[in-house]
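No lab work stands behind these numbers, since they all come straight from the coordinates. Here the structure is a predicted model, which is why all the values come from computation and not from measurement. Neighbour counts run over all protein chains shown; Cβ positions are idealised from the backbone, glycine included.
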């Protein structure tokens, strides 16, 4: 399965960068002293579907099945937090 690393800056609505490797992403984060979250995502499958299929998330409430919830679901199992370019 192909995966990508997605960086979302602190207080950002959209990602600031998508990287093929963790090393490239961290180098960019350090270079610009960024704060935010770096998350590993599978390609060609939604985060919600991936999490449900692999048992990482079990919908248990009616709103867990709504398009709003599914569209906002980030669910990245592997993620790292950064503050001013340094991993926390």
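The mean sequence separation of alpha-carbon pairs under 8 Å and at least six residues apart, normalised by the residue count of the stretch 3-87, gives a relative contact order of 34 percent. For the pair residue 40 and residue 87, label points projected 7 Å from Cα toward Cβ lie 1.1 nm apart.
Pairwise Cα separations in the chain fall into 10 Å bins from 0 onward with the following percentages, short to long: 17, 45, 29, 9, 0.
Tell me, 18, 52, 6 in order of fewest to most beta-carbon neighbours within 10 Å?
Numbers: 18 12, 52 17, 6 20.
Ordered from fewest to most neighbouring Cβ atoms within 10 Å, 18, 52, 6 come out as 18, 52, 6.
Neighbour counts of C-beta atoms inside 10 Å place 60, 20 in the sequence 60, 20, starting with the fewest. In this calculation the C-beta distance from residue 31 to residue 77 is compared with R0 = 30 Å, giving a FRET efficiency of 0.70.
Given the rule -39500 (n - 2.57) for each run of at least 4 DSSP H residues, summed and divided by the residues of the chain, what is its mean residue ellipticity at 222 nm, to the nearest 500 deg cm²/dmol?
-7000 deg cm²/dmol
Axis angle, to the nearest 10 degrees, between helix 22-31 and the longest C-alpha principal axis of the chain: 50 degrees.
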